[in-house]
Amino acid sequence: MRLRRVGAGAVRALNRPENRLAIPESAATLAVMDFGDFDARGYRTVDVRTGYGEWVASYEDTVQDTMDIALLDRLTEPSWASAQRAADLGCGTGRTGAWLREHGVRAIDGVDLTPQMLAVARERGAHDRLIEADVTATGLAAGTYDLLISSLVDEHLSDLRPFYHEAWRLAADKAHFVVVAFHPHFIMASGMPTHYRNHAGEDVAISTTVHLLSDHVGAALEAGWQLAELRERVVDDEWVAVKPKWERFRNHPVSAAFVWRRLP
Ligand SMILES: C[S@@+](CC[C@H](N)C(=O)[O-])C[C@H]1O[C@@H](n2cnc3c(N)ncnc32)[C@H](O)[C@@H]1O
């Protein structure tokens, strides 16, 4: 397995007295694991814009609410209806934005790299503003948002640190940052990247990086975030009902939700 160290900055952050989570220094090194070491499918791989630009036609029919929405439903923090202004990082077609609206979030700005996904989000109308940009450099105003959310995006980022730093820059005091991730264990155990079937019937992978849960913790703490809640979703009856082939993955963790807090 190739494991690339991408920096030891997290060690300093973990040592800050205000970071309550005690993690030994050896666990704080961020690693980027090459998905190729786990790939059991061998699909042709394309970049994010190309992949989601094609997948958009069938995305809403294939993505399962059990992956992300079911986790959002179970979080005890934040109090969604209290949020004044949210930034939805990697908003895609607006699924997350629609859920936020249903839960009382008043104003939502969405950011995404793929114009075709943004076009569907625009039609859906859950967001106040939609911006084509990278989640690591959004161009949005600093200190503006009391809620940040990013659902099913992290596996497309080669390094989590700029992502958590950008969210921190956008966050107001006492903001929450909710990150829903495709679970690294599932990517490794299934050997399956994020993928879709194109119009020609070919299964195509979208560039995928494996981030351990500890990589999220290291990158978030380095940026200044404090962990408020972490939930993992396993393949259960509900999952097997929508994906019978996943019986072989029963009880494997498939997704995770982190809730980070910015304390003043
Ligand atoms: C699996 S979709 C998730 C969309 C939405 N959050 C949802 O839950 O349905 C991933 C989205 O992240 C976007 N994305 C991936 N990497 C990105 C980046 N670096 N900056 C902005 N958007 C990105 C893709 O264009 C795609 O729309």
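For segment 203-237, a tally of residues being over 16 Å from the mean Cα position of the chain (by Cα), aliphatic (A, V, I, L, M) and assigned to a strand (DSSP E or B) returns 4. Within segment 71-81, the set of residues being in contact with a helix residue (DSSP H, G or I) (Cβ under 8 Å, 6 or more places away or on another chain) and either surrounded by fewer than 18 Cβ atoms within 10 Å (Cβ to Cβ) or not aliphatic (A, V, I, L, M) (or both) comprises just one member, TRP80. Being within 15 Å of the ligand (Cβ to nearest atom), touching a helix residue (DSSP H, G or I) at 6+ places or on another chain (Cβ under 9 Å) and in a helix (DSSP H, G or I), is that true of even one residue in segment 179-193? Looking for residues that are within 15 Å of the ligand (Cβ to nearest atom), touching a helix residue (DSSP H, G or I) at 6+ places or on another chain (Cβ under 9 Å) and in a helix (DSSP H, G or I), one finds at least one in segment 179-193, hence yes.
I'd like the residue in segment 82-106 that is under 23 Å from LEU227 (Cα atoms) and of a type in the set (A, V, I, L, M, F, W, C) and, out of all such residues, is surrounded by the fewest Cβ atoms within 10 Å (Cβ to Cβ). Selected residue: TRP99.
All of the numbers you see were taken from the coordinates with simple rules; none came from a lab. Just so it is clear, the model here is predicted, and its values are computed rather than measured. Don't worry about glycine lacking a Cβ; one is built from the backbone with ideal geometry, like all the others, and counts go over all protein chains shown.
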